[in-house]
Amino acid sequence: GTWAPDNKRFAFDVYSKGKNILIVKDVFKGKTLQRIQIPGVPAFSNPTWSPDGKTIVVSGLIDGQTDLYAYDLKTKKVRRLTNDKYSEILPTWSSDGQSLAYSTDYYSLQRGRINGAWHMNLAVMDMASGAVENLDLFPGADNLNPQFDKVGNLLFLSNRDGFRNLYRYDLRDQKVYQLTKLATGITG
């Protein structure tokens with residue numbers, strides 16, 4: 001699910017009558033405010049609310065292809081953000097709304113399987129131009145759940161050493177810093 005910028009509403013996806021729908025709840029009253037069927041996107045997950053409160057981006061599945069879609073809450077129109085053979089999942093907005101980070105199998109499909117498996121890496125989309133920067137971090141690892149911190153760096157989970165831990169990618173100096181080192185790994 002995803003919080004609205006006003007911290008009063010929460011949106012999450014559910015499965016109803018063969019399709020995904022987006023439920024928006026008033027968190028203080030427990031009341032359902034909206035039930036949204038995203039036009040043309042019958043299966044989706046991982047909603048993320050834009051910082052300006054106008055848009056929710058989801059990872060949608062259409063005809064076996066997973067792409068990112070932006071749903072405008074006012075106009076009720078959908079804009080396809082990606083349209084390629086790569087899977088894009090777990091989108092998240094930067095606090096200024098200028099960028100969208102997500103996990104993608106871009107490098108797996110470019111290079112093929114590593115150690116017999118496909119892997120997910122990170123990408124950042126400039127929302128004004130649509131330009132995408134694929135980040136080649138830890139080839140052969142799964143890099144998931146990206147989140148921007150307050151200064152614009154990316155926090156993410158990676159199993160690069162066999163245990164899922166938290167990392168920070170500094171976008172300015174293009175360096176990765178390990179933040180946790182737990183033998184059990186972490187999730188979330």
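Every number here is computed from the coordinates shown, using simple stated rules; none is lab data. Computed from a prediction, not measured in an experiment: that's the story for all the values here.
Name the long-range amide H neighbours of Ile62: under 5 Å, sequence gap of 5 or more, or other chain; modelled H, no Pro or chain starts.
For Ile62, whose amide H was placed from the backbone, the distant partners under 5 Å are Asp67.
Quick check: from the Cα gyration tensor, does the stretch 73-188 come out rounded (a/c under 1.5), prolate or oblate?
Taking the square roots of the gyration eigenvalues as a ≥ b ≥ c, the stretch 73-188 is oblate.
In Å³ and rounded to a whole number, note down the convex hull volume per residue for the Cα atoms of the stretch 1-144.
Residue-normalised Cα hull volume stands at 122 Å³.
Amide H of Asn143 versus every other amide H placed in the peptide plane: which residues, excluding those fewer than 5 positions away on the same chain, fall under 5 Å?
Met120, Asn121
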